[in-house]
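**Q** Here you go, one structure.
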Amino acid sequence: MGHDEEEPKLFTLTEAERTRREIEPVLIEAMETRRKLLPLDEELGTLSARIQTMGGIVVPYEQTARMRFDRDRLAESLNTYLEKIQSTGCVVKDLDTGLLDFPSIVNNEEVYLCWRLGEERIRFYHRQDEGFAGRKPIEPGDTGPSNPIQ
């Protein structure tokens, strides 16, 4: 069995920080794209619901087609951005707030180094079974030379 393929990448704090700086602009693009996508999704949903209930409604076909096209293009961009982020090993936790997790080991325990857009650097971690609410500050000693993932 290929043991390696399924092992999630483990980040040192330094690696996570470097990766975060690289993907931050991509995350911002993804968040912007999603923000543009939501109203289009809603509008298209409302339209198709109206068409079903009213039967004979005249649909502004070109407008709808353009909306669909825009929506599909945005959805495609969004997927590209997310794939780019996830290919680094980073986990996108919440796209509304720009919350990212980086799998790591702290004190021999598998954790996520946790960062949210607007924070100047990665300063928190939480156990993998805890969420954002369980965030603890990273102690300087947590990622010292004795740490196996340096």
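**Q** Where the centroid of each part is defined by its Cα atoms, how far is region 9-49 from region 112-140 in Å?
**A** 19 Å
**Q** Right, something else. Cα axis of helix 61-86 to longest principal axis of the chain: angle in degrees, 0 to 90, nearest 10?
**A** In the chain, helix 61-86 runs at an angle near 10 degrees to the longest axis.
**Q** How much length would be gained if the chain were fully extended between ARG127 and ARG18, taking 0.36 nm per residue of separation minus their Cα-Cα distance, in nm to one decimal?
**A** This chain segment gains 37.1 nm when fully extended.
**Q** Working from Cα positions, state the angle (0 to 90°, nearest 10) between the long axis of helix 13-54 and the longest principal axis of the chain.
**A** 20 degrees
**Q** Would you grab the residues whose amide H sits under 5 Å from the one on LYS93? Only those 5+ places off in sequence or on another chain, please, with H modelled 1.01 Å from N.
**A** Hits under the 5 Å cutoff: LEU99, LEU100, ASP101.
**Q** Gain in length, LEU44 to GLU120, computed as 0.36 nm per residue apart minus the alpha-carbon separation, to one decimal in nm?
**A** 23.6 nm
**Q** So I have (i) 40; (ii) 27; (iii) 20, and one of them is percent of Cα pairs over 27 Å apart calculated from this model. Which one is it?
**A** Here percent of Cα pairs over 27 Å apart agrees with entry (i).
FYI, it's all coordinate maths here, none of it is from the lab. If you're wondering where the values come from, they're calculated on a predicted model, not measured in any experiment.
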